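Contents: one structure, followed by commentary.
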Amino acid sequence: MPERSRMGQARSGQRSASFSPDGARVLTVSYDRTARLWDARTGQPMVVLGGHEAELEVGAFSGDSARILTAGHDGTARLWDARTGQALGVLRHSGVVRTAAFSPDSARVVTGGTDGVARLWDGRSLELVATLAGHGNAVNHLAFSDDGARLVTGSDDNSARLWDGR
């Protein structure tokens, strides 16, 4: 398939990339401590999200494409307005945040990292709802069920755990 357009590259290389649910934008996160929004049709840069103090691991859009979640080596996950790039809040861990996601309805945010726990946050107030402890090592994977009622976490200790996602 022919290449339609080429997106620029961050100075120090990119990690993950994902489309917004509405298909209009692409989000990339980078080792250069930034996330970038790109126009999915033209490949042109739209917004640079700066504020992290170390490399980024992951980025995700909310289900309505209105907000962005980024996470990384500075022990934080950060929420952003996907249209303006305005910072909306910071969620803290005691180690690298390796994974983060919105629930399907964006009412909850979950983060997981090298501190061995996942944290469930209110998606609007950003208040901590629950600390999901039980893994013996880093939480590297997580996902909500389609209805948002359940959450699964996976760890370096070869374990997976199911949790209440609400």
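The values are calculated or read from the model by the stated rules, or taken from the named source; none is laboratory data. None of these values were measured; they are calculated from a predicted model. Note that we place each Cβ from the backbone using ideal geometry, even for glycine, and neighbour counts take in every protein chain shown. What goes into the accessible areas is simple: the full protein's heavy atoms, side chains included, and nothing from ligands, DNA or RNA. Shrake-Rupley method; radii C 1.70, N 1.55, O 1.52, S 1.80 Å.
I'd like the Karplus ³J(HN,Hα) series for the range 31-43: coefficients 6.51, -1.76, 1.60, θ = phi - 60°, whole numbers in Hz, and an x wherever there's a Gly or Pro.
Values, residue by residue: 5, 7, 6, 10, 10, 9, 9, 10, 6, 5, 7, 9, x Hz.
To the nearest 0.05, how large is the calculated FRET efficiency for ASP146 and ALA54 if R₀ is 30 Å and r is the Cβ-Cβ distance?
Given R0 = 30 Å and the Cβ-Cβ separation, E is 0.35.
Between LEU49 and residues 5 or more places away or on another chain, which pairs have amide H atoms under 5 Å apart, with H built 1.01 Å from N, and which residues are they?
ALA35, ARG36, LEU37
Name the residues whose placed amide hydrogens come within less than 5 Å of the amide hydrogen of LEU88, ignoring near sequence neighbours (fewer than 5 apart) on the same chain.
Here LEU79, TRP80, ASP81 satisfy the definition.
So, by mean Cβ neighbours within 10 angstrom, what's the order for 60-71, 87-98 with the highest one leading?
Going from most to least packed, we get 60-71, 87-98.
Considering only protein heavy atoms, with the full assembly of protein chains and a 1.4 angstrom probe, order SER16, SER125 by accessible area, largest first.
SER125, SER16
Can you check what the Kirkwood hydrodynamic radius comes to for the chain, Cα pairs only, in Å to one decimal?
Kirkwood hydrodynamic radius for the chain: 15.9 Å.
Which residue, ALA100, ALA54, ALA24, has the most motion in a Gaussian network model of the chain that connects Cα atoms within less than 10 Å?
Maximum fluctuation in the GNM of the chain, among the listed residues, is at ALA24.
If you take the charge dipole of the chain about its Cα centre, with +1 on Lys and Arg Cβ and -1 on Asp and Glu Cβ, which of VAL47, ALA143, ALA82 is farthest toward its positive end?
The residue sitting most towards the positive pole is VAL47.
Taking amide hydrogens as modeled 1.01 Å from N in the peptide plane, which residues meet the under 5 Å criterion relative to VAL117, leaving out close sequence neighbours?
Long-range HN contacts for VAL117: VAL139.
Spelling out what I want: for every residue of the range 79-91, take phi, set θ = phi - 60°, compute 6.51 cos²θ - 1.76 cosθ + 1.60 (Karplus), and round to whole Hz; glycine and proline get x.
With the stated coefficients, the range 79-91 comes to 9, 9, 6, 6, 8, 9, x, 5, 5, 10, x, 10, 10 Hz.
Relative contact order of the chain, please, whole-number percent, based on alpha carbon pairs below 8 angstrom and at least 6 residues apart.
For the chain, the relative contact order is 12 percent.
Using 7 Å Cα-to-Cβ label points, what is the GLN44/ALA87 separation (nm, one decimal)?
Using points 7 Å along Cα→Cβ, the separation is 2.8 nm.
For the range 45-55, just list the computed ³J(HN,Hα) in residue order, Karplus coefficients 6.51, -1.76 and 1.60, θ = phi - 60°, integers in Hz, with x standing in for Gly and Pro.
x, 10, 8, 10, 9, x, x, 5, 9, 7, 4
With only Lys, Arg, Asp and Glu charged, each at its Cβ (+1 for the first two, -1 for the last two), find how big the charge dipole of the chain is about the Cα centre; round to the nearest 20 debye.
Dipole magnitude for the chain comes out near 360 debye.
Sequence gap at least 6, Cα distance under 8 Å: using those rules, report the relative contact order of the range 122-166 to the nearest whole percent.
Computed value for the range 122-166: 30 percent relative contact order.
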